[in-house]
Each structure stands twice: as C-alpha cells, then as structure tokens.
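> Please read through the structure below; I'll follow up with questions.
The values are calculated or read from the model by the stated rules, or taken from the named source; none is laboratory data. Note that the structure is a prediction, hence the values are computed from the model and not measured. Cβ placement follows ideal geometry from the backbone for every residue including glycine, while neighbour counts extend to all protein chains displayed. Calculation scope for accessible area: heavy atoms of the full protein, side chains included, ligands and nucleic acids excluded. Shrake-Rupley method; radii C 1.70, N 1.55, O 1.52, S 1.80 Å.
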Amino acid sequence: TGVANRRALDQEIGHLADMAARGGPPFALLHLDLDLFKAVNDSLGHAAGDHVLIQVVERLRAELRGQDMVARVGGDEFVILLRGVTAPAALAALSDRLIARLEAPMTFQGHDCRISASIGVTSSDRYPRPNAPQMLSDADAALYAAKRRGRGGWVVHRPEDVDPTSRRDWTSP
C-alpha cells in the first residue's frame, strides 16, 4: 500500500509525544478500521481486497496534508497521525470526510466494492503527559466503541465511554 508500517508509526508517535510533553505542538491519532472489507475478500477474492486497500490509501491521502502520516497496522486497520491538529471540530470534520470518501464505491473488474470505516480518535492535548502506547490504546478503545455503535462512525476517546476489555496492548509489536 506504500504507507508507513507499525514500527515507523511507533517511532513517530513516540517522538511527537516526547515533544508535546515538553510543550511542543499537539497531535491527534485516528485509528481507522474498514467495515465490510472481509465481505469484499470473501466474495471477490484477495485481488479485489488488495485493490480496495490501494484505493483506501489513495482516498486517505487525498484528505490529508503532506505532514500527516498514514500507517497500516493490520490487515484492514490504519492509524493516521495528524500533526498540529487537535480541535474537536477539525477532527470531527476530517473523520466525517474520511468515512464519506471511503463509502463511495470502488470498482474492481466491473464489480462495485462497498466498504465503510469506523474511527477512534484521541489527541495529545487530552493527556497531562502524552505517551504513545496509551494514546494508541485509547484510540483503539474509541474505535471499538465506534464499531459497537454501528459501522460508518467515529468516537473521540473519553475514558467513561470505553469498555476496558476492548483494549489491545500497544506496547509491543
């Protein structure tokens, strides 16, 4: 897909978290999981799935700025790192745009492939001292909260909204 991997993401978030803890610019994480992607793979095959993943990356990049980072962290999971963006309205608007763009059909060999996305959001300014594993875990927990509400939505991390059993350990690759 031509995007960063988990190791590159971990390094960049660690660097930005250290800078933010010392008064540097804030940043946000969007943990995105594709809804209905398995159905594309199951019905049209892995070549269609690969095509959809490439299209997803192109659509994500079209909505992001050059200084933002997209990393693929799982088969159909991505984390987007937004430098200098933490305003709730901006994060909401971007999340809505990303979902709308991904819900537009993608054609593969004459077949429309339809997916959606669920997104979990957190930002460094929500923490007294941001750290990468906690932020990744919180974005992941918000993602699970979004999925529980139904596909095609996003949730901003709030500790009171998140089921702690839905968290994954982001401290090791």
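> Kindly point out which whole DSSP H helices in the chain project their C-alpha atoms 18 angstrom or further along the helix axis while averaging a Kyte-Doolittle hydropathy of 0.5 or above.
On the way: long enough: 6-21 (22 Å, -0.34); 46-63 (26 Å, 0.02); 88-103 (22 Å, 0.64); 132-149 (26 Å, -0.38).
Going by DSSP H runs, the hits are 88-103.
> May I ask you to rank His111, His157 by accessible area, largest first, using a 1.4 Å probe over the protein chains only?
Greatest to least solvent exposure: His111, His157.
> Taking the alpha-carbon centroid of each part, what is the distance from region 123-137 to region 78-101 in angstrom?
If we compute the Cα centre of each part, the gap is 16 Å.
> Roughly to the nearest percent, how much of the accessible area of the chain is carbon and sulfur, given a 1.4 Å probe? Don't jump to the answer; show the numbers that get you there.
Numbers: 4120 of 8200 Å².
Carbon plus sulfur share of accessible area: 50 percent.
> At a 1.4 Å probe radius, which order do Tyr144, Tyr127 fall into by accessible area, largest first? Could the numbers behind the result be given before it?
Working: Tyr144 80, Tyr127 35 Å².
Descending accessible area places them as Tyr144, Tyr127.
> Radius of gyration and Dmax for region 37-169's Cα atoms, expressed in Å?
15.3, 51
> Probe of 1.4 angstrom, ligands and nucleic acids ignored: what's the accessible area per residue over region 1-65, in square angstrom? Could the numbers behind the result be given before it?
On the way: 3070 Å² over 65 residues.
About 47 Å² of surface per residue is accessible.
> Shifting gears a bit: When all C-alpha to C-alpha distances in region 1-71 are sorted into bins of 10 Å, what percent of pairs does each bin hold, rounded to whole numbers?
Taking every Cα pair in region 1-71, the percentages come to 16, 40, 28, 12, 4.
> In a Gaussian network model over the chain where Cα atoms closer than 10 Å are linked, find which of Met19, Met135, Met69 has the largest mean-square fluctuation.
Met19
> As a test question: what accessible area, to the nearest 10 Å², does Ser116 have when a 1.4 Å probe is rolled over all protein chains in place?
Number for this one is 0 Å².
> Mind listing which trypsin sites (Lys or Arg not before Pro) in region 32-102 are in a DSSP loop and have 16 or fewer other Cβ atoms within 10 Å?
Values: sites: Lys38, Arg59, Arg61, Arg65, Arg72, Arg83, Arg97, Arg101; in loops: Arg65.
Those that pass, being in a loop and sparsely packed, are Arg65.
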